[in-house]
Amino acid sequence: SSGKQWYQRRVRRKSPFELTYNVDRFCFFTPFTRSGTAHGGVADQFKRRTVLRTECTFPYVKSRLNVVGIEETVMTPIEVATEDMRMKNEQFESILSSGTTDLKMLQMLIQGAIGTTVNQGPLEIITAFFGKGSKAPDVIDDKHLRYRNRLRYQCKLFLANIKRGLDENRNLIGTFQEDYQREMEYNLARFRESVAPYIFNEDAQRQIREGSNLVNKSLSDADNSIGRVHSIDYSEGR
């Protein structure tokens, strides 16, 4: 298994130098379910996080160091889902705050988030933990309620980041990609409307429905405009 650097929550590291210097903890994750399989539905997916502590910090004169400490933590399904959504948001924020937006990467993230065939991940997470048929955990304690609120926040932030990404994409694309922009705006409107009952209050749900109606109207107007252009008869030299 391969591991990645593990940073204690109370230590904030931002620069590339800080992220790769004075590191003595590394982690890897092992997915499992109670049924014995490695992978399952989001409501049944657990992860075991293993943190290894080395005898000295990297970089070091040796490329290998002895492990002097091991910590294992079992992440519940709602913790796994929250971490998954947090990482998706970090990807968006990393691109949108870079100063020079990588358009290709941005469009890949947008497509992966609200593409017609690939947005089942976030939607499945939201319906699994907030839907009417959501599976209740064995113990509903303060920790579960805390992560439930965190997950709801990450889902709302995810929608906001997609909107930011689409706004940035509109500023960068040419006229030849306007159809793509309209399609993604339509997909976002549908996605927001489908998850609104689970993570937004009634006032916000009403605003989302009104926004979806406006998007549908603009798409209809655009289609009608294109239809009128195609229907012009150029045979008489017009």
- Task: Compute the signed sum of charges (Lys and Arg +1, Asp and Glu -1) over the other residues within less than 13 Å, Cβ to Cβ, of Tyr147.
- Result: +1
- Message: How much length would be gained if the chain were fully extended between Thr37 and Met87, taking 0.36 nm per residue of separation minus their Cα-Cα distance, in nm to one decimal?
- Response: 15.6 nm
- Sites Thr101 and Tyr7 - FRET efficiency at Förster radius 30 Å, r taken between beta-carbons, to 0.05: 0.70
- Note on the structure: By the mean-Cβ-within-10 Å protection proxy, highest first, 148-157, 99-108 rank as 148-157, 99-108
- Item | Alpha-carbon Debye profile of segment 51-169, log10 I(q)/I(0) at 0.09, 0.10, 0.19, 0.22 Å⁻¹ | -0.39, -0.47, -0.98, -1.12
- Task: Provide the packing ranking of 28-39, 60-71, 87-98, i.e. peptides ordered by the mean count of other C-beta atoms within 10 Å per residue, highest first.
- Result: 87-98, 28-39, 60-71
- For segment 74-201, what is the accessible area per residue in Å², given a 1.4 Å probe and the full set of protein chains? 55
- Query: How many percent of the accessible area of segment 28-107 is carbon or sulfur, using a 1.4 Å probe?
  - Reply: 51
- Task: Grab the Cα-Cα distance for Arg209 and Arg170, subtract it from 0.36 nm times how many residues apart they are, and report the gain in nm with one decimal.
- Result: 11.8 nm
- Rg(Cα)/(2.2 N^0.38 Å) for segment 43-104, N = residue count: 1.65
- Message: Between Leu157 and Ile70, what is 0.36 nm times their sequence separation minus the Cα-Cα distance? Round to one decimal in nm.
- Response: 28.0 nm
- Any of Lys47/Lys156; Lys104/Lys156; Lys88/Lys143; Lys104/Lys135; Lys4/Lys163 with alpha carbons more than 26 Å apart? Name them for me. Lys104/Lys135; Lys4/Lys163
- Message: Sequence gap at least 6, Cα distance under 8 Å: using those rules, report the relative contact order of segment 33-183 to the nearest whole percent.
- Response: 24
- With Phe158 itself left out, Lys, Arg at +1 and Asp, Glu at -1 over residues whose Cβ is under 12 Å from its Cβ give +4
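The values are calculated or read from the model by the stated rules, or taken from the named source; none is laboratory data. Since we're looking at a predicted model, the values are computed, not measured. Backbone-built Cβ (ideal geometry, glycine too); neighbour counts: all protein chains shown. With ligands, DNA and RNA removed, areas are computed over all heavy atoms of the protein, side chains included. Shrake-Rupley method; radii C 1.70, N 1.55, O 1.52, S 1.80 Å.
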